[in-house]
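J.: Here it is: the structure, laid out below.
The values are calculated or read from the model by the stated rules, or taken from the named source; none is laboratory data. Keep in mind that this is a model prediction, so the values were computed, not measured. Quick reminder, even Gly has a Cβ in these numbers, built from the backbone with ideal geometry, and neighbours come from all protein chains shown. Ligands, DNA and RNA are stripped out before the accessible areas are found, and what is left, the full protein with its side chains, is counted by its heavy atoms. Shrake-Rupley method; radii C 1.70, N 1.55, O 1.52, S 1.80 Å.
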Amino acid sequence: MSQQGFVAGFSQGGYSSAYGASNPQTHYGHFAVPPQGVAPTPATFKTPTSPGSGMPLPPGTGQFMTNGLHNGTSEQRFPPPTSVPSPSAYPLPTGPRLAAAPASTQQLTNQMGGMQIGGYGQSLLQAPQPPMSSVALQTMSSPPLGHVQPLQAPPTCPPPMGVGPAMGTMGTVPPMGMPGSFPGPPPPSSGTLQQLSGLCGPQELLHQQGGYGGQPAGSLPGFPGAFPPGAAQMAGPPQKKLDPDSIPSTTQVIEDDQAKRGGQIYTTNLRGQVPPLVTTDFVVQDQGNASPRVMRSTVYSFPCTADLAKQCQVPLAVTIKPLALIPKNETPLYTVDHGEAGPIRCNRCKAYMCPYMHFIDGGRRYQCGFCSCVNEVPTFYFQHLDHVGRRVDAYQRPELSLGSYEFIATPEYCKDKKPPNPPAFIFMIDVSYSNIKSGLVRLVCNELKGLLERLPREEGAESSVVRVGFVTYNKILHFYNVKSTLAQPQMMVVSDVAEMFLPLLDGFLVSFQESRSVISSLLDQIPDMFADTGESETVFAPVIQAGVEALRAAECSGKLFIFHSSIPTAEAPGNLKNRDDRKLFNTEKEKTLFQPQKGVYEQLCKDCVTSGCCVDLFLFPSQYVDVATMGSVSMHTGGSVYKYNNFQVDIDGEHFLRDLRRDVEKPVGFDAIMRVRTSTGFRATDFYGALHMNNTTDVEMAGVDCHKAVTVEFKHDDKLSEDTGALIQCALLYTSVGGQRRLRIHNLGLNCSSQLAELFKSCETDTLINFFAKSAYRAMVNQPLKTVREILVNQTAHMLACYRKHCASPSAVSQLILPDAMKVLPLYMNSLMKSAALVGSPELSTDDRALHRITVTSMGVEETQALLYPRLMPVYSMDMVSDTLPPAVRCSEERLSDSGAFLLEDGRRMFLWLGQSCSPEFIQGVFNVPSFTHVSPDMTSIPELDNPLSKKLRTVMERISQQRAQAMKLLIVKHKEKSDMLFRQYLVEDKGLHGVSYMDFLCHVHREIRQLLT
Ligand SMILES: [Zn+2]
């Protein structure tokens, strides 16, 4: 199956498999606890079919994989269709027509005649108004497959396999041409799209063709005809452009869902109910299944059999954000305390008491919904049943009626059976030359004085019990005694960084309340103490080791906040060399750039996880620092990585401080172990997130905050029943910021069906793309990036071809037919393939790409959605009265207007784009300067002016910022000036610098689908 391509095929010999996190499926053992009686694993799942692979290879002929670059695993990812529709069954249309479609189907009648370079779009056909239940769009007209004229692909070329030249040749686009060639085509009406043709004229193509001819297989033929870079633009005579409104629109999908389900109460009483989109405003009422804010599934109706799952290629995965914030207008989580007895659990599978347990025997026993084991009800928990067999106290007990709740854990659930100590925060500041010189050290110290007053605390508690400690370092480490009884802080220096030890126990981790004055004095003194430093070398691994030792000595878990500037080159364990080599971009070895250094760091991660030590990293580099390695510690400990390139206090200071405040104040748990249990017939096989795994089932997270999500993939090991459905229980055992050991339980019931149509109807595209992003980003450290991108294309085509073949009404093969629930999947997929991590480009540093990869790994669904489809909003014509955000427009430069101003955000960055003819009134109102030319692009915030426009715009920006997990940096972008190029890369429907446009990608996917169907 597809996922195996990413899992088994990719995990050989990689760093991540050495860590255990990404390759836990070496054995398909049962849940660790209760082996007897659990349905036996079919042998097919037990036998690794290739060395180093724990996963079976699906039977397949490899007929869709002709690329010699593939390894065996990916070649066999996709079984061929079992039957081929006869021409009579799928008559070609004689002209534009409305395809008949099932009620749930979006049909995109995409006639492909215009697919030849230059020809495309010449016959733009208006889409007829669809009937209520189906949409059919006539966009392009196409001759039958054989008539497609690939301009540069030889006729003998293999079927298009991969991402092809558009992606494969990124590196060959001459960098020289870039600055001049990226003005961005003006609006289509002007017809100046031709301007771009200089970049990829016929000569260029020939050159590329030649350049790729020697490659093992299929890169150029990958996109016959339609896919050389700029193909759409290179045609000779000016052409009518295809109406972009005629292809599925994410903004439209978002708007429609908001209109249909926005503002409503979503009750979770129904199994297999597809929730509103992540972008829709809705209120959740927990009635037995976890909120979609906590658990979101790729599919709400699982296929009953492994064969069906294999056939459709749709990943079965759930993204879980175990500590997700609950909005103020929803019911807070209930806590259940069973006293000394502890939570009630199934004797066999250890699932926790939940609404899926069936009480029998008058209430004396219950049958487990997960493993069917019949258990005795403990005497203290006995209750009578009503006439329908439900306990009469069902609605008084959260664990019998709700999808999510918490148990207070007993000492059994604690290390050494002792209740934990409250967690600690250790602030570790790099005081080497660059951090002192930039003013960062002073900024951090000043900020901490106020910030420490706002440490997170247990709900309802008066003050925080989190203890704090301080370390400064360059080549050596300085620990501080800040005991409340001291008049002044004391410094202790450890210069032997090879054997890190803690020079003091008493007075290192203290209560801020008690030691406020000593700490304040320390924070005042640190910037001055190192003001004259000339030391530019730093250590890094020993710093983390020191944090681990401190937490270990204090017998508590906690978090390190490390403020670090440079690659740690000083002689010490874990020192790093600059291994950045851009020559590796777009080569087989590109993946090595993202593989963390092993050895010291591997052990460090393990030590951190064992000690419940979460590492948050704030980086302030002026050059390469090896984020892939340094960030790996955060990635394995539930931490976050922030990076501020060429940090300048006056420009980046506020952004950094907002990040720091959010990071310190956000709800977080420590020393966490998560288990995902399922009903019989399927099981969790893989886990993606900022986590660590020592075995196949326990997801360990040294820390887990309210934004961290784990995406869990499931596989069948038996048949699933439509009656009982597929039940999932996620249990997170963690230590709260108040030092309480707790169990947070989330339950989700999904439907099962033997009808593929049901499955496709219940898909959740945003979650699917979250899964694809995470699996691709994991795969990219073990596989050539090109292969990873090819797999994404292939899997997209396979899912859609399967739908086409088994679920859609017969129609011409030239029609592109998309399931309604997945109609924008190709758009997201194209955006993912162009994303920073997956695309080597001269503009992006290796570190930025590594950071992107690390960050996405622990993202929830709303974050990947925003990242892969940024929100673009016109702000020059806002409704001043309305209190809603301005309606978004499609993320394409065609939506920009020279007289306009637009806000774009993707959850990480915010841009305010100004057209050259932006009205002076707008400029005056927002910036308090007379015209466009007076606006400084170096601003990182807009001034607070006392006029309605300024107030409205700031409110909009603040609202967006509140919705997102991180503080967002604001960039002012003036059309055709600095940053315009950067900005345009966020317009994901366009070609961008190194990818293909949405339209071209859709055409390519369509061609792939046709290949699969014929
Ligand atoms: Zn059970």
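J.: At 7 Å along Cα-to-Cβ for each site, give me the label-to-label distance between E459 and V649 in nm.
T.: 4.0
J.: Further, regarding this structure: For segment 367-478, which whole percent of the accessible surface, found with a 1.4 angstrom probe, sits on carbon and sulfur atoms?
T.: Roughly 50 percent of what the probe reaches on segment 367-478 is carbon or sulfur.
J.: If the chain between S899 and D307 were fully stretched, how many nm would it gain, using 0.36 nm times the residue separation less the Cα-Cα distance?
T.: Roughly 207.6 nm would be gained on extension.
J.: With label points built 7 Å along Cα→Cβ from the Cα atoms of M939 and K976, find their separation and express it in nm.
T.: That separation, rounded to one decimal, is 2.2 nm.
J.: Please report the equivalent ellipsoid semi-axes of segment 695-736, computed as sqrt(5 x eigenvalue) of the Cα gyration tensor, largest first, in whole Å.
T.: Those come to 27, 12, 10 Å.
J.: Put +1 on the Cβ of each Lys and Arg and -1 on the Cβ of each Asp and Glu in segment 487-587; which of G534, F508, G547 then has its Cα farthest toward the positive end of the dipole?
T.: G547
J.: Related question: What would the Debye equation give as log₁₀ I(q)/I(0) for segment 532-680 at q = 0.16, 0.17, 0.22 Å⁻¹, counting only Cα atoms as equal point scatterers?
T.: For segment 532-680, the Cα-only Debye profile gives -0.97, -1.07, -1.44.
J.: Let me check I've understood the local charge: for R742, count other residues with C-beta under 12 angstrom from its C-beta, Lys and Arg +1, Asp and Glu -1. What total comes out?
T.: So the surrounding residues net to -3.
J.: Report P(r) for segment 343-410: all Cα-Cα distances, bin width 10 Å, range 0 to the bin holding the largest distance, values in whole percent.
T.: Using 10 Å bins, I get a P(r) of 22, 58, 20, 0 for segment 343-410.
J.: Under the Kirkwood approximation applied to all pairs of distinct alpha-carbon atoms, what is the hydrodynamic radius of segment 499-597 in Å?
T.: Across segment 499-597, the inverse of the average 1/r is 17.0 Å.
J.: Residues in segment 570-605, backbone N under 12 Å from the label point at E535 (7 Å along the Cα-to-beta-carbon vector): list them, ranges by number please.
T.: Once the point is set 7 Å along Cα→Cβ of E535, 570-571 turn out to lie under 12 Å by backbone N, inside segment 570-605.
J.: Moving on. Sorting S754, S814 by accessible area (1.4 Å probe), largest first, what list results?
T.: Descending accessible area places them as S754, S814.
J.: Using only the alpha-carbon atoms of segment 809-901 as identical scatterers, what base-10 log of I(q)/I(0) does the Debye formula give at q = 0.16 Å⁻¹?
T.: Log-scaled intensity ratios, in q order: -0.94.
J.: Starting from the eigenvalues of the Cα gyration tensor, five times each then square-rooted, give me the equivalent ellipsoid semi-axes of segment 316-475, largest first, whole Å.
T.: Ellipsoid half-lengths, sorted descending, are 47, 17, 16 Å.
J.: Give me the percent of the accessible area of segment 573-712 that comes from carbon and sulfur atoms, probe 1.4 Å, all protein chains in place.
T.: Of all accessible area on segment 573-712, carbon and sulfur atoms account for 47 percent.
J.: Debye calculation, C-alpha points only, no solvent: report log10 I(q)/I(0) for segment 891-958 at q = 0.14, 0.24 Å⁻¹, in the same order as the q values.
T.: The computed values of log10 I(q)/I(0) come out as -0.41, -1.22.
J.: Let me ask something else about it. If a paramagnetic tag sat 7 Å from the Cα of D524 along the Cα-Cβ line, which residues of segment 430-471 would have the backbone N under 18 Å from that point?
T.: Only 442-453 fall inside the zone, counting backbone N under 18 Å.
J.: Within the set of other residues whose C-beta is less than 14 Å from the C-beta of N474, count the net charge using Lys and Arg as +1 and Asp and Glu as -1.
T.: For residues surrounding N474, the net value is -3.
J.: With every protein chain kept in place and ligands, DNA and RNA left out, what is the accessible area per residue of segment 284-330? Probe 1.4 Å, answer in Å².
T.: In whole numbers, segment 284-330 has 28 Å² accessible per residue.
J.: If Lys and Arg each add +1 and Asp and Glu each add -1, what is the summed charge of the other residues whose beta carbon sits under 10 Å from the beta carbon of K418?
T.: It works out to a net charge of +1.
J.: Extending each Cα 7 Å along its Cβ direction at D581 and K415, get the distance between those two points in nm, one decimal.
T.: Distance between the two pseudo-spin positions: 4.1 nm.
J.: Assuming R0 = 30 Å, can you tell me the calculated FRET efficiency for the pair R365 and V283, based on Cβ-Cβ distance, to the nearest 0.05?
T.: 0.20
J.: Ok, one more. Looking at the P(r) of segment 640-739, how many percent of alpha-carbon pairs lie beyond 24 Å?
T.: The proportion of pairs with Cα distances above 24 Å equals 44 percent.
J.: Within the P(r) computed for segment 481-543, what percentage of the Cα pairs occupies the region above 17 Å?
T.: Result for the distance tail: 53 percent.
J.: Rounded to a whole number, what is D in µm²/s for segment 533-583 from Stokes-Einstein with the Kirkwood radius over alpha-carbon pairs (4 °C, 1.567 mPa s)?
T.: Answer, rounded: 101 µm²/s.
J.: Please list, in order, the residues from segment 257-288 whose amide nitrogen is less than 20 Å from a point placed 7 Å along the Cα→Cβ vector of Q396.
T.: 288, by backbone N distance to the label point.
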